[in-house]
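Novice: One structure follows; several queries about it will come next.
Each reported figure results from applying straightforward, stated rules to the coordinates on display, with no laboratory input. Note that the structure is predicted; figures quoted are calculated from it, not measured. Here the Cβ positions follow ideal geometry from the backbone for every residue, glycine too, while neighbour counts run over all protein chains shown.
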Amino acid sequence: MTRKIALITGASRGLGKNAAQHLAAEGIDIIGTYRSRADEAEALGAELRAQGVNAVMLQLDVGASASFAAFAEQVASALREHFGRSSFDFLVNNAGIGIRAAFAETQEEQFDQLVNIHLKGPFFLTQKLLPLIADGGRILNVSSGLARFSLPGYAAYGAMKGAIEVLSRYQAVELGARRINVNTIAPGAIETDFGGGAVRDNPDLNAYVASNTALGRVGLPDDIGLAIASLLGDGGRWINGQRIEVSGGVYL
Ligand code: NAD
C-alpha cells in the first residue's frame, strides 16, 4: 500500500515539529516547511528518516503569497524525486506567530502581518497546493482557543483564527466533491516558543491558564501532535467541516 504523505507548514519546531514526529510514528511520510532555521529543519528531517519514514524539508514564508506558485512547483518536484508520487494526502496549515496588542493600540503593520500569516497565507497556499492534494485527502487548519473565548490583547490574532474556522467550513463544502475533508484544530495554551514562550516560561501565566483548565494544567506539544495524528488517522475520515478544540477544557 502506498504510504500517506503529510505536508506541514512551520514544522521546524513547536506544534508543527511535534505533529511531524507523531505522524511519522504512524508511518506517514513528511514534507515539512521552515522559514529560516534550515539547520533545525534538517535535524528534524534526519530524525524522521531514522524513524523509518521519508522526509523532505522545504523553505517557505507563509506570509509571502507571491512565492506560493514557485513553492507548489518545488513540492511537485520533491514528490516526484523523493516519493515517486504526483500528490500528497494531508495538508496541515500550522505555521504562525503571536502578536499581543490591545485593540486600541494595534498597529496596522501588526494587523497586516497577522492577516498575511494566519489568513491570506493559508487561503492562497491551500489554493495553490490543491492540484497536488490527492482526492480523498485531508486539510487541517490550526486555529486557537482564542477564536472561541476573548482575552485582552488578542483582538487581531483571535479575529484571524476565527476567520480560518469559517474558511475551513467553506473549503469543506467546496472540496467535498473531491472527497477532501477540512477541519480546524483549536489548541488551548501550549508550552512552545509561541508568543515568546510565555505560557512555558512565565510561571504566573502558566498557573493562571492551568487554574482555568478543567484538566488542571496547560497543554504540552504532545497533546496537540497526538491529536493531529489521530484526526488524520482512519478514525477521522468522517469528521468534516468541524472545529475541534484541544485544550484540556479551558474556560468551559
Ligand atoms: P512556535 O513559535 O513554536 O512555532 C511556530 C512555527 O511557525 C515555527 O516553525 C515557525 O518557523 C513557523 N512560522 C512562523 N511564521 C512563519 C512564516 N511567516 N512562514 C513560515 N513559517 C512561519 O509556535 P507553535 O505553538 O508551534 O504554533 C503553531 C500554530 O499553533 C500557530 O498557528 C499558532 O497560532 C497556533 N497556536 C498555538 C498555541 C500555543 O499556545 N502554542 C495555541 C493556539 C494556537
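Novice: Please list, in chain and number order, the residues 5+ apart from residue 57 or on another chain whose amide H is under 5 Å from its amide H, with Hs placed from the backbone.
Specialist: Under 5 Å from the amide H of residue 57: 32.
Novice: Going by C-beta contacts inside 10 Å, put 99, 31, 117 in order with the fewest on the left. Spell out each step's value before the answer.
Specialist: Numbers: 99 18, 31 27, 117 23.
The fewest-first ordering by Cβ neighbours comes to 99, 117, 31.
Novice: May I pose another question? Which of 168, 143, 86 ends up with the largest GNM mean-square fluctuation for the chain, with Cα atoms connected below 10 Å?
Specialist: The residue with the greatest mean-square fluctuation here is 86.
Novice: Report the residues of segment 149-188 in range of a label on residue 87: point 7 Å along Cα→C-beta, backbone N strictly under 13 Å from it.
Specialist: Answer for this model: 176-181.
Novice: Between 131, 221, 187, where does the largest GNM mean-square fluctuation fall for the chain, given springs only between Cα atoms within less than 10 Å?
Specialist: In the Gaussian network model the winner is 131.
Novice: Residue separation times 0.36 nm, minus the C-alpha to C-alpha distance between residue 2 and residue 151: what's the value?
Specialist: On the way: separation 149, 0.36 × 149 = 53.64 nm, distance 4.47 nm.
Here the answer is 49.2 nm.
Novice: Mind pulling the angle between the C-alpha long axis of helix 221-231 and the longest principal axis of the chain? Nearest 10 degrees, somewhere in 0 to 90.
Specialist: On a 0 to 90 degree scale, this one is about 50.
Novice: Still on this structure, please answer the following. Using the count of nearby Cβ atoms within 10 Å as a rough guide to exposure, how do 244, 139, 239, 133 rank from fewest to most? Mind showing how you got there, number by number?
Specialist: Working: 244 17, 139 24, 239 13, 133 20.
In order of increasing Cβ crowding within 10 Å: 239, 244, 133, 139.
Novice: Of the DSSP beta bridges with both residues in the chain, give the percent that are antiparallel, rounding to the nearest 5. Walk me through the numbers on the way to the answer.
Specialist: On the way: 1 of 29 bridges.
Bridges in the chain that DSSP calls antiparallel: roughly 5 percent.
Novice: Okay, next question. Under 15 Å from a point placed 7 Å out from the Cα of residue 36 along the Cα-to-Cβ direction: which residues of segment 4-25 have their backbone N that close?
Specialist: Of the residues in segment 4-25, 12-13 have backbone N under 15 Å from the label point off residue 36.
Novice: Given labels modelled 7 Å from the Cα in the Cβ direction, how far is it in nm from residue 77 to residue 234?
Specialist: With each label placed 7 Å out from Cα toward Cβ, I get 3.8 nm.
Novice: From the Cα gyration tensor of segment 1-98, with a ≥ b ≥ c the square roots of its eigenvalues, which class applies: rounded if a/c is under 1.5, or else prolate if a/b is larger than b/c, or else oblate? Present the calculation step by step, with values, prior to reporting the outcome.
Specialist: Details: a/c = 1.67, a/b = 1.15, b/c = 1.45.
In terms of gyration-tensor shape, oblate.
Novice: Kindly put 1, 160 in sequence by how many other C-beta atoms sit within 10 Å of each C-beta, fewest to most.
Specialist: On the way: 1 4, 160 25.
Ordered by Cβ neighbours within 10 Å, fewest first: 1, 160.
Novice: In µm²/s, what is D for segment 86-130 at 4 °C and 1.567 mPa s, where D = kT/(6 pi eta Rh) by Stokes-Einstein and Rh is the Kirkwood radius from Cα pairs? Walk me through the numbers before you get to the answer.
Specialist: Values: Rh = 12.2 Å.
Taking Rh from Cα pairs, D becomes 106 µm²/s.
Novice: Taking only Cα atoms and a 10 Å spring cutoff, compute GNM fluctuations for the chain and point out the largest among 19, 38, 189.
Specialist: Result: 38 has the largest fluctuation of those listed.
Novice: Set the Förster distance to 45 Å, then compute FRET efficiency between residue 211 and residue 43 from the Cβ-Cβ distance, nearest 0.05. The partial results should precede the final answer.
Specialist: On the way: r = 36 Å, r/R0 = 0.80.
Efficiency at R0 = 45 Å is approximately 0.80.
Novice: Need the list of lysines near residue 161 for cross-linking: C-alpha distance under 23 angstrom, and skip anything on the same chain fewer than eight residues off.
Specialist: Here the lysines satisfying the reach criterion relative to residue 161 are 17, 120, 128.
Novice: For the chain, what relative contact order do you get, as a whole percent, if you take Cα pairs closer than 8 Å and at least 6 residues apart? Mind dumping the intermediate values first?
Specialist: Working: 484 pairs, mean separation 48.2, N = 252.
The value is 19 percent.
Novice: How far is helix 38-50 tilted off the main Cα axis of the chain, in degrees rounded to 10, range 0 to 90?
Specialist: Here the helix axis deviates by roughly 60 degrees.
Novice: OK, next. Scan around residue 153 for amide H atoms under 5 Å from its own, H built in the peptide plane at 1.01 Å from N, and keep only partners 5 or more places away or cross-chain.
Specialist: Under 5 Å from the amide H of residue 153 lie the amide H atoms of 103, each far enough along the sequence or on another chain.
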